[in-house]
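Data first, discussion second: the structure below is written as structure tokens.
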Amino acid sequence: MDVHKILIQAIGEKWRLLPEDMGKAIVRHYGINVPAGERVTSFEEAQRAASDQGYPLVIKALVPELIHKSDRDAVRVGIENETTLLKTTRELWKLFPNTPLLVEQMVKPGVELITGLMNDEHFGPCLMIGTGGVFTEVFQDVDFLMIPADRHDFLRVLTGLKGYKLLTGFRGKPPYDIGNVVDALRSFAQFGVEAAGYYETVDINPLVVNESGAKALDVKIVLKPLFAPATLDSPLPPTHYLHHFFAPESVVIIGASSAPTKPGNVVIRNILANGYEGKLYLVNPKGGDILGLPVHPSVDSLPEGIDLAIIIIPAKETPQALREVASKGIKHVVLSAGGFAEVDEYGAQIQQELTNIIQDKKIHVLGPNTSGHISTPHKFTSSFFPLGKIRQGKVSYIAQTGNFATHTMKYILTGEGFGVSRVFGLGNKIDIEESQALQFLGDDPETNAIVMYLESIKYPRRFLKVAGEVTRRKPVVMLKGGSTEAGKHAAVAHTAAMASEDSLVDGMLRQAGIVRIWDYTHLILAGKVLSMVSLPKGNRVSFLAPSGAMLVVLSDLCTRLGLSVPDLEQETLRRIQEISPPYIRMRNPVDIWASVSVKGIEFAYREGMEAVLKDPNIDAVIPILMLTRETGMPNFDFIVDLMKKYPEKPILASFSGDKRCIDECREFLEPRGVPTFFEVEQPFEALSILVRCAKVMNRSK
């Protein structure tokens, strides 16, 4: 079968919807089972078809361009004999004169799935997989894959559906061969890639799974008005030049200012505060000196061979400055000003002018509308917010927001105990975008984990490829802004109706191995735990709390977060019972209050924590420390000692009690590598992020 010839001919004849029997012939050509069927135009032909196939039958009117046949009573099921066959064909031809009918074998019931294809202009060809029936209509139990994809991706999506249990032998029904389902989905995806230029959407609804395998009962192929090749690849350009942004040997600030409150002054003070060891040049038409550094009156007066320029002047003046630095041979530029496409049409025109200059001069730009970047291994930043000395760490950030390298970074430096390695402030991304940034950090020996905030993904297929490789080596966590349904597609088919931009992003992030978070504060939470503790081997947690209410509520929270609170081994139970009064029955989670009241806070928590850390059923431990002067303040060295003794089992601490005592404990533990959290829910939320990171990093190769 020449599928391409069939589809191009149909488009040429202005067909919007391919007839169902043709659609089924195409997917059968790709290895997907369909019911035996025949197109008929007379009762005699229907009789012969029925004789060939055997009863019971399904009969459908092949009404041109009819998307939903059941809405027009164009589908009849359960045709058991010739009498009913005659009655049904007469009724359908009365409703739809001169319309061919499709006479098909009726398929034995099973589990109904739905699968579909769409060719999104931004994401390219994507496959939807879901459970059918009410799961599709009401619960929207579906997921998306960018295709092509590997077998692991299909299996991950299928097993991740809420309705997956229906395939595994639910309520006494036999389990079905999942391999057959995966094979059918992969065959469908192959068609989706090879024919991407021809269709807008394709639905198989339902794909019935029973003892004999998976079979497509209904196939709708909605064609494009014109053939248009899909973009299946967006190669990543080289990223080695980013070294000049993060380890520049010389830097010039265009727009340096002597006014302490101006960004052009703050950026100088930040660079000096971090002990930058390269050469620093300043440009301002007034000349003179600023903060003890000589000022050049123009770009032209600068020496040759400068690595990096920071242009921090008003938007309308930026294009000319960019031309000047490019003419000076400076190939790497940070554009700090705002007022471009994010503001109005005039700003968009200036931004386009900048893009033209970049392409013409073959230079590389971060921004515009960026708050800068940070590179603590090289004691450098281009941030214009008063940060001062930036603490070094092993986690790097990519942020499409001006506030991260500014006031959020300030909070981390003053309110948290961890530092950062690199920070990309992407801004409007007219040149450097998230895929390049992620590739650079994935290869960066100074970066152990990556946390991202994005509002858009410029090249999804490029990003998927890069992220899929990086996430096998390093944890990557992302907060994606703009997760609304505003981008929903026209609902000509189930697949299109459910393919909002965010659902495609969500599927892509899972496919790439990126752990998605939903709260802005979790950008900080993730950075903290990824900085301080190792990834756990599993999701099994023990926690110790001085309150029965906390035990109950936090156990519920664990369930919601995908954490397990398992039973402890008998030896562990014996030990925690030994340190507690006999009137309390010990278990996991551990009610530590009684032991504290008898043995004291340090003894109770030390012995209780060590007991559960030793337990092979436990992967991480969360002590909720009860701290007041009146009940005694322990020596917190024991927590640090336990952390070092059991490095493969993360310890995350929270508190209850006197805020002043909590602050003292926090100030002791965090510099020694134990992450702490004011709110008792937060360590569980942080642990769930670690667990998800560990799971995706251990996925099949």
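Readers should treat all values here as calculations from the given coordinates under stated rules, not as data from a laboratory. Predicted model, so just to flag it, every value in this text is computed and none were measured. Neighbour counts run over all protein chains shown; Cβ positions are idealised from the backbone, glycine included.
Through the Karplus equation 6.51 cos²θ - 1.76 cosθ + 1.60, θ set to phi - 60°, convert the phi angles of the range 521-538 into ³J(HN,Hα) values in whole Hz; use x for Gly and Pro.
Each residue's phi maps through the Karplus curve to give 4, 6, 4, 6, 4, 5, x, 5, 5, 5, 7, 10, 10, 7, 6, x, 7, x Hz.
Only helical DSSP H runs with n ≥ 4 go in: add -39500 (n - 2.57) per run for the chain, normalise by residue count and round the 222 nm mean residue ellipticity to 500 deg cm²/dmol.
-11000 deg cm²/dmol, from helical runs alone.
By how many degrees, 0 to 90 and rounded to 10, does the Cα axis of helix 659-669 deviate from the longest principal axis of the chain?
Value to nearest ten degrees: 90.
Using only Cα atoms, tell me the angle between helix 460-470 and the longest principal axis of the chain; keep it within 0 to 90° and round to the nearest 10.
Helix 460-470 sits at roughly 60 degrees to that axis.
Have a look at G54, S327, L117 and report the one farthest towards the positive end of the charge dipole of the chain, computed about the Cα centre with Cβ charges (Lys/Arg +1, Asp/Glu -1).
The residue sitting most towards the positive pole is S327.
Rounded to the nearest 0.05, what FRET efficiency do Q140 and F638 give with R0 = 60 Å and r taken as the Cβ-Cβ distance? Could you check? Present the calculation step by step, with values, prior to reporting the outcome.
Values: r = 49 Å, r/R0 = 0.82.
Here the calculated transfer efficiency is 0.75.
Rank the residues R575, R516 as a footprinting-exposure proxy: fewest other Cβ atoms within 10 Å of their Cβ go first. Don't skip to the answer; put the middle values down first.
Details: R575 20, R516 17.
Result, fewest neighbours first: R516, R575.
Which entries of K362/K410; K316/K465; K599/K644; K224/K695 have Cα-Cα distances beyond 31 Å here?
K362/K410; K316/K465; K224/K695
At a 10 angstrom cut-off on C-beta neighbours, averaged per residue, how do the peptides 624-635, 145-156 rank from highest to lowest? Let's see the in-between values first.
Working: 624-635: 16.4, 145-156: 19.2.
Sorting 624-635, 145-156 by mean packing, highest first, produces 145-156, 624-635.
Counting other beta carbons within 10 Å of each residue's own, what order do K108, K87 fall into, fewest first?
K108, K87
Would you please give the FRET efficiency between E80 and L232, computed as 1/(1 + (r/R0)^6) with r the Cβ-Cβ distance and R0 = 51 Å, to the nearest 0.05?
Details: r = 47 Å, r/R0 = 0.93.
Efficiency, rounded to the nearest 0.05: 0.60.
May I ask you to compute the full-extension gain from T41 to D289, defined as 0.36 nm times their residue separation minus their alpha-carbon distance, rounded to one decimal in nm?
Numbers: separation 248, 0.36 × 248 = 89.28 nm, distance 9.17 nm.
My answer for the length gained is 80.1 nm.
Give me the one-decimal nm value for the distance between modelled label points at A549 and V193, 7 Å along each residue's Cα-to-Cβ direction.
5.7
Just to confirm my numbers, what's the Cα centroid distance between the range 15-88 and the range 662-690 in Å?
Each part's Cα centre sits 63 Å from the other's.
Please report C558, C693 as a ranked list, fewest other C-beta atoms within 10 angstrom at the top and most at the bottom.
C558, C693
What is the packing order of peptides 352-360, 460-468, taking the mean over residues of other C-beta atoms within 10 Å and listing the highest first?
Going by the mean number of other Cβ atoms within 10 Å, highest first, we get 460-468, 352-360.
For E345 and N403, what does the FRET efficiency come to when R0 = 22 Å and r is the distance between their Cβ atoms, rounded to the nearest 0.05? All intermediate terms of the calculation are to be shown ahead of the outcome.
Working: r = 25 Å, r/R0 = 1.14.
The value I calculate is 0.30.
Show me 662-670, 250-258, 186-194 ranked by packing, highest mean number of other Cβ atoms within 10 Å first.
Working: 662-670: 17.0, 250-258: 23.6, 186-194: 20.0.
Result, highest mean first: 250-258, 186-194, 662-670.
Quick one: helix 318-327 against the long Cα principal axis of the chain, what's the angle to the nearest 10°, folded into 0 to 90?
80
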